[in-house]
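Read the structure below first, then the notes.
The values are calculated or read from the model by the stated rules, or taken from the named source; none is laboratory data. This one's a predicted model, so the numbers in the text were calculated from it and none came from an experiment. We place every Cβ from the backbone using ideal geometry, glycine too, and count neighbours over all the protein chains shown. What goes into the accessible areas is simple: the full protein's heavy atoms, side chains included, and nothing from ligands, DNA or RNA. Shrake-Rupley method; radii C 1.70, N 1.55, O 1.52, S 1.80 Å.
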Amino acid sequence: MDKFLLRLCFLLGIVLPGAHCHASDPTPPRLSGQWEGPLTVPGGALKMIITIVPLSNGTYYAALDVPQQRISRMPVEVTVKDDDISFRVEQAGSSFTGKVLDEGATLSGKWQQPGLTAPLVLQRSTTPAATQAATKMRLTPPYREIEASFMNPTGRVRLSGTLTVPPGEGPFTAVVLLSDLGPQDREAELQDYHLFGILADYLTRRGIAVLRFDDRGVGRSTGSYATATTNTFVTDAQAALAFLRSQPRISKHHVGLIGHGEGANVALLAAAQPKNPDFVVSLAGYGLPGYDVLRRQEGEIMRLIGSDRAQVKAVQGLYERTVAIIRETPDNEAARTKVAALLRSANAGLDPAMARARATQLTSPWSRFFFDFNPQDKLAQVQCPVLLLNGTADLQVTASRNLPPLQKGLKRTPFGVDVHKLSGVNHWFQPDPADWPLVNGKQKAAFSPEGLEIMRKWLVAHGRPAAPALPVTVQRPEPPKPKPARPAGPRPKAKAPVRSRTAANPKVTGSTAGVRSR
């Protein structure tokens, strides 16, 4: 699954990542990082990885990874009170109750799932610390890294991120990176795989400026992610485009969007509005309506954890009834009461408070929007060329089902669409692990080289070739001097222009003509 998987995932009720992690104590210990350990099962052991991220509103985002079971970023509900901690993994019908020990270094307790109850001890992973050390020791990249901050005037949200600019004077083609479902920081990190960091480094080294930023309510960005919708994220993308176009080294007419998952749909929506991007790259964008996407993803999750066809059908039936209630009941309070009752009737073990919390999530602005969101509605209005990329091993956004409707809709525009399927590539655009490069003797996750090269060539074809970088030994032209302030009083009679010779152009008129400010 993708890093924050889905905004909604359903199993006997729908769980929202980023909004489903509750800390019942008003001042809980702030857990942050990854914990991992072996779960003993008949015939061996499974490596369990829990990632916990504190959010700005005092709650947590958490996710479960079980590599041997091909489970990645499955949403987890977290409850912390004093040194007691519990996880609830609705999609796997599983739970964990235990203690926070050694000042958070150890989570020790009992894992329960249908047919299995076993002790589980999770130790804080040392990988993040090692990663930070490596980051501090890394060589200075051959480009400029600028801490960026810009305002989205819609809602007065300040977004913060990193702008990387190639060496030289430009002006450069530039892109904004837009994240997938769930609150993510500017790196879009998955277990030491920095999707956006990799993209920014690769593209900037090849002459393209890149802006990546923390989602609203994450990292250094203000605002609330929980109350946002896909349309809200469109305004964030537009603010990022305006910021890039205001930068002196950026080509104002060669600024585009690269979106991943939901971010790709945000990019396409922005391309169908005024002040649109000059081009869009869609990385695993949704082509199916939101209702169908969530229903299919739910079924895929159920199959991955070993559910039979009858169980999958039952859960998808509950999903359909839940969404029907929400659509038929515009009043949130009434809808929450009905949904909570339905969830409890389907799962007797679900306590009233949890059912109510889940019903609140299901009636959030994002949920209501995404249930009825159809990506095809605005495709004919897209006002720029588009590149569609999707991996054949993507289980969340299957290429065979999502690429055709996007391609069909975009063909109706005069700007053109290019489509590429990447063999064996997953939702995170990683190739088969057997093809990952070796780093310090260990295989390290990497972005598909084929995908990077396709993207680079396409961006070069649709962007502005950058001027060659000037060596440091070459003297830069002086910028034009500001004009002196005009004194008050009547204007003097205009004189004929004086012809002068300049170093930049000995035959031009005016003292600053032909000299480009760099």
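Number of residues in the stretch 239-256 that are open to solvent by 20 Å² or more (accessible area, probe 1.4 Å) and touching a helix residue (DSSP H, G or I) at 6+ places or on another chain (Cβ under 6 Å) equals 1. Could you pull out the residue among Leu177, Leu122, Leu159, Leu163 that is among the aliphatic types (A, V, I, L, M), over 30 Å from Leu203 (Cα atoms), surrounded by 13 or more Cβ atoms within 10 Å (Cβ to Cβ) and at pLDDT 90 or above? Answer to the check: Leu122.
Out of all the residues in the stretch 282-301, is one or more crowded, with 21+ Cβ neighbours inside 10 Å, in contact with a Cys (Cβ under 9 Å, 6 or more places away or on another chain), assigned to a helix (DSSP H, G or I) and at pLDDT 95 or above? Taking every residue of the stretch 282-301 in turn, none turns out to be crowded, with 21+ Cβ neighbours inside 10 Å, in contact with a Cys (Cβ under 9 Å, 6 or more places away or on another chain), assigned to a helix (DSSP H, G or I) and at pLDDT 95 or above. Cβ separations smaller than 8 Å between residues 6+ apart or across chains give the following pairs from the stretch 320-335 residues that are under 18 Å from Pro289 (Cβ atoms) to residues that are open to solvent by less than 70 Å² (accessible area, probe 1.4 Å) and in a loop (DSSP other than H, G, I, E, B): Thr322/Gly13; Ile326/Thr363. Considering the conditions (1) more than 21 Å from Pro114 (Cα to Cα); (2) in a helix (DSSP H, G or I), Gln316 is excluded by exactly one of them, (1). What are the pairs with Cβ atoms under 8 angstrom where one residue, in the stretch 176-195, is in contact (Cβ under 8 Å) with a residue 60 or more places away in the chain and farther than 15 Å from Met74 by Cα and the other, located anywhere, is surrounded by 24 or more Cβ atoms within 10 Å (Cβ to Cβ) and polar (S, T, N, Q)? Sequence gap at least six, or different chains. If the second residue must be surrounded by 24 or more Cβ atoms within 10 Å (Cβ to Cβ) and polar (S, T, N, Q), the pairs left are Ala188/Ser179. Out of Gln376, Gln361, report the one residue that is more than 27 Å from Gln273 (Cα to Cα) and part of a helix (DSSP H, G or I). Testing whether each residue is more than 27 Å from Gln273 (Cα to Cα) and part of a helix (DSSP H, G or I) leaves just Gln361.
If Trp366 passes every condition in (1) over 18 Å from Val266 (Cβ atoms); (2) crowded, with 22+ Cβ neighbours inside 10 Å but one, which one does it miss? With respect to (1) over 18 Å from Val266 (Cβ atoms); (2) crowded, with 22+ Cβ neighbours inside 10 Å, Trp366 is out only on (1). Identify all residues within the stretch 236-259 that are in contact with a His (Cβ under 9 Å, 6 or more places away or on another chain) and more than 22 Å from Arg156 (Cβ to Cβ); write none if there are none. The answer is His254, Gly256. For the residues Pro405, Pro330, Pro375, Pro385, the requirement of being at pLDDT 90 or above, surrounded by fewer than 21 Cβ atoms within 10 Å (Cβ to Cβ) and within 28 Å of Asn426 (Cα to Cα) singles out Pro405. When each of Trp436, Trp428 is tested for being farther than 24 Å from Pro166 by Cβ, surrounded by 17 or more Cβ atoms within 10 Å (Cβ to Cβ) and in contact with a strand residue (DSSP E or B) (Cβ under 9 Å, 6 or more places away or on another chain), the lone residue that passes is Trp428.
Residue count for the stretch 5-43 satisfying the condition of being at pLDDT 75 or above, open to solvent by 40 Å² or more (accessible area, probe 1.4 Å) and closer than 27 Å to Pro114 by Cβ: 4.
Of all the numbered requirements in (1) of a type in the set (A, V, I, L, M); (2) over 22 Å from Arg206 (Cβ atoms); (3) modelled with pLDDT under 95, Met151 misses one, and that requirement is (3).
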